[in-house]
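Shown next, in structure tokens, is the structure this report addresses.
Quick note: the coordinates plus some simple rules give every number you see, no bench work behind them. Worth saying up front: this structure is predicted, and the values here are computed from it rather than measured. All Cβ positions, glycine included, derive from the backbone under ideal geometry; neighbour counts span all protein chains shown.
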Amino acid sequence: MQMGIVLFWVHDDSEGLRRTHLLITSTVPLVDRLLRLTRIPGVRGAVMDLVSVIQTA
């Protein structure tokens with residue numbers, strides 16, 4: 001995620017890097033919720049599969 005945000009930031013030509021700020025403020029809460037879900041035993045596997053797919057992409 002960190003590398004994706006940096007790549008987005010490098011190519012962001014919006015005024016004041018508005019789009020990068022929007023990306024960060026919208027994705028951080030989502031990642032926080034996904035990480036909290038990993039504490040639930042049945043959901044942990046699905047979240048880890050999703051993380052694996054994202055890392056592969």
Give the Rg (one decimal place) followed by the Dmax (whole number) of the chain, computed from C-alpha coordinates and expressed in Å. 13.9, 44
Nitroxide proxy distance, nm - points 7 Å out along Cα→Cβ at M1 and R19: 2.1
Once label points are set 7 Å from the Cα along Cα→Cβ at both D32 and Q55, what is their separation, rounded to one decimal in nm? 2.4
Nearest 10 degrees, 0 to 90: helix 41-56 Cα axis against the chain principal axis: 40
